[in-house]
Amino acid sequence: MPTDAAIAELATEIRLACMRISRRVRFESGSSLAPHQFSVLVRLGEHPRTPRELADIEKVSAPSMTRTTNGLVERGLVARAADPDDGRCVILSLTPEGAAQVATIRAARDGWMSSRVGNLTPEEREVLRQASAILHKVAQA
């Protein structure tokens, strides 16, 4: 039976590895978008949303989300429209330029990761395949 200290050590190692990979993937994509901006574009790629919905999903304040989305609108990556059901609300959606930016960044990130995974042995890739499923389970818990 693993000790609490052993579990804590493993948890720290996994957290650090995930953080390092996440940081490298973001850096290697060569994007001029900040991570929080990219995250908003991805969310809007799912479907249009209000700024409040985005703020709730991203766990940030409404003013912070307004600053983020204003910057994305200024860059032509997000479009703003009046809510047909409530004129006081705004609906944000991804523009074609925003969708292209998401696709480009995802391709760069996937390419970087594929090149690293491609250099592993078949056995190591199988371990990562299993670990990926387990990490998804941890993330959903």
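Pop a pseudo-label 7 angstrom from the Cα along the beta-carbon direction at both Ala108 and Met19 and give the gap in nm to one decimal. About 2.4 nm separates the two model spin labels. Hydrodynamic estimate: the Kirkwood radius of the stretch 23-101 over Cα pairs, inserted into Stokes-Einstein at 25 °C and 0.890 mPa s, corresponds to D of 191 µm²/s. Note on the stretch 2-44: Kirkwood radius taken over Cα pairs, Stokes-Einstein applied at 10 °C and 1.306 mPa s, translational D equal to 129 µm² s⁻¹. Near Met113: Cβ cut-off under 11 Å, other residues only, Lys/Arg at +1 and Asp/Glu at -1. The net charge is +2. In whole Å, what is the distance between the alpha-carbon centres of the stretch 1-45 and the stretch 98-141? Value for the Cα centre distance between the two parts: 12 Å. In summary, the helical segments of the chain meeting the span-like criteria, namely a full DSSP H run, a Cα extent along the axis of 15 angstrom or more and a mean Kyte-Doolittle hydropathy of at least -1.0, are 4-28, 35-46, 62-74, 96-118, 122-140.
Computed from the C-alpha gyration tensor, the three semi-axes of the ellipsoid equivalent to the stretch 4-140 are 34, 19, 13 Å, from longest to shortest. Share of pairwise Cα-Cα distances greater than 16 Å in the stretch 66-106 is 40 percent (whole percent).
A simple spin-label model places the labels of Ala8 and Val138 1.7 nm from each other, with each point 7 Å out along Cα-to-Cβ. Each Cα pair under 8 Å and six or more residues apart adds its sequence gap; the mean of these over the residue count of the chain is a relative contact order of 24 percent.
Read the figures in this text as sums done on the coordinates, not as results from a lab. All values reported here derive from a predicted model rather than from experimental measurement. All Cβ positions, even for glycine, are placed from backbone atoms using ideal geometry, and neighbour counts span all protein chains on display.
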